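Working notes, structure below.
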Amino acid sequence: THSRRLLGVQDGGGGRSLLPSRWKSSQPQLDPVDRSDEEGGGDIDWDNLGFGLTPTDYMYVMRCTQEEGGFSRGELARYGNIELSPSSGVLNYGQGLFEGLKAYRRADGPGYTLFRPEENARRMQHGAGRMCMPSPSVEQFVHAVKQTVLANKRWVPPQGKGALYLRPLLIGSGAILGLAPAPEYTFMIYAAPVGTYFKEGMAAINLLVEEEIHRAMPGGTGGVKTISNYAPVLKAQMDARSKGFADVLYLDSVHKRYVEEASSCNLFVVKGGAVATPATAGTILPGVTRRSIIELARDSGYQVEERLVSIDDLISADEVFCTGTAVGVTPVSTVRVQDRRRHAVEEAVHDSDVDPDGPGGGQERMDGCG
Ligand SMILES: *Cc1c(COP(=O)(O)O)cnc(C)c1O
């Protein structure tokens, strides 16, 4: 098809290569037969999905060139590797955004449910502005998401077993050498069936407060889902995992005493029936799940504050939980602060009734919730 030719999407195999085969990126092993009309995906173990990448049959591709000035009609292509210029904007300067949303099988009959896809579309538009990229319209985005779900419907897990995770990407695919926005953009969506994100499943997780590495700074891009926000924090996340923690909690980079969020999810603390979550002021990713929980909690009569949340707020909370498309609503069992003493001293400067040695000194455990 048109988009396959333009993007050089390959079905796998074929073509001579100058590189030893072990250097080639992996080609997806996909059934070449069109099975988009089928229900029920192959021999998948729906009970043990996790968050691994199970490739599906189709992806959606839509391009935007400087001459065209906007995104034209996109189309479905077989899922597979894409060809990019070595001088593409995304490879050289990280000009790219991603999104994540889920499609569920309906409980009450045939069909699928998307969770607030317009919110993801609007967030991509906002991020595209920050990253000097054109963006698909909300209608184009939602249409593309629906097409991707329908083409891969045999991969939507049975009700209650998970969801089809959709990963829209917007990248500067055009070639450019000097530092400037790319001359061409590609919007893509691929899909993968997923279960729970943390290996703990829906059980409560343990988090480690990261005190050296920061994920965002004022004036930076922490508030948009740019691909360049994530590799710099892999180190913190891997270190925490190796110590047995499910994820890291990042602190603000100015005062180093307010908690912002985890690597891929937002944070809430509950105390005495009041709910608080860090305010999004450019350094926190404004989650669709976060916004939905705020709305649901307010509708149920809870007072919800979007404000600064200190480590002490975290430690004295009755309940703590994380929210995100991938993690859903995950209860937090414990939070460890390595250098509690340092935070206690800093707080003592502002707040005379804090004991500089802090309760217990080295670390804090916080139980409850879930
Ligand atoms: C995507 C993401 C979230 C969660 O956003 P949702 O829209 O709820 O999925 C939170 N924090 C970060 C850093 C993220 O990338």
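The values are calculated or read from the model by the stated rules, or taken from the named source; none is laboratory data. Since the model is a prediction, treat every value here as computed from it, not as a measurement. Virtual Cβ from ideal backbone geometry, glycine too; neighbours counted across all protein chains shown.
Overview of results
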item: Answer from Asn152, Asn120 - the residue that is buried (at least 23 other Cβ atoms within 10 Å of the Cβ) and out of contact with any Ser or Thr (no Cβ under 7 Å at 6 or more places or on another chain); result: Asn120
item: Residues satisfying the stated conditions in region 92-109, i.e. of a type in the set (Asp, Glu) and more than 15 Å from the chain's Cα centre (by Cα); result: Asp108
item: Residues satisfying the stated conditions in region 50-98, i.e. surrounded by 14 or more Cβ atoms within 10 Å (Cβ to Cβ) and of a type in the set (D, E, K, R); result: Asp57, Arg63, Glu75, Arg78
item: Criterion (within 11 Å of the ligand (Cβ to nearest atom) and crowded, with 20+ Cβ neighbours inside 10 Å) met by exactly one of Ala262, Ala317; result: Ala262
item: Meets criteria (part of a helix (DSSP H, G or I), without any contact (Cβ under 8 Å) to a residue 12 or more places away in the chain and surrounded by fewer than 20 Cβ atoms within 10 Å (Cβ to Cβ)) for Gly129; result: yes
item: Residues of region 242-257 classified as under 21 Å from Thr196 (Cα atoms), of a type outside the set (A, V, I, L, M, F, W, C) and surrounded by 15 or more Cβ atoms within 10 Å (Cβ to Cβ), total; result: 1
item: Arg291 among the basic types (Lys, Arg) and touching a residue at least 60 places away in the same chain (Cβ under 8 Å); result: yes
item: Which listed residue is away from the ligand (no atom under 14 Å from the Cβ) and without any contact (Cβ under 8 Å) to a residue 40 or more places away in the chain, from Val149, Val156, Val138; result: Val138
item: Failed condition for Arg154, given (1) modelled with pLDDT of 95 or more; (2) in a helix (DSSP H, G or I); result: (1)
item: Qualifying helices (runs of 4 or more DSSP H) (wholly inside region 224-323; at least 2 residues being over 24 Å from Asn120 (Cα atoms)); result: 234-242, 311-315
item: Residue match in region 219-230 (condition: more than 14 Å from the chain's Cα centre (by Cα), surrounded by fewer than 23 Cβ atoms within 10 Å (Cβ to Cβ) and away from the ligand (no atom under 16 Å from the Cβ)); result: yes
item: Pair list, Cβ < 6 Å and 6+ apart or interchain, from region 246-265 residues that are touching a residue at least 24 places away in the same chain (Cβ under 8 Å) and closer than 14 Å to Gly223 by Cα to residues that are small (Gly, Ala, Ser) and within 11 Å of the ligand (Cβ to nearest atom); result: Ser264/Gly324; Ser264/Ala326; Cys265/Gly324
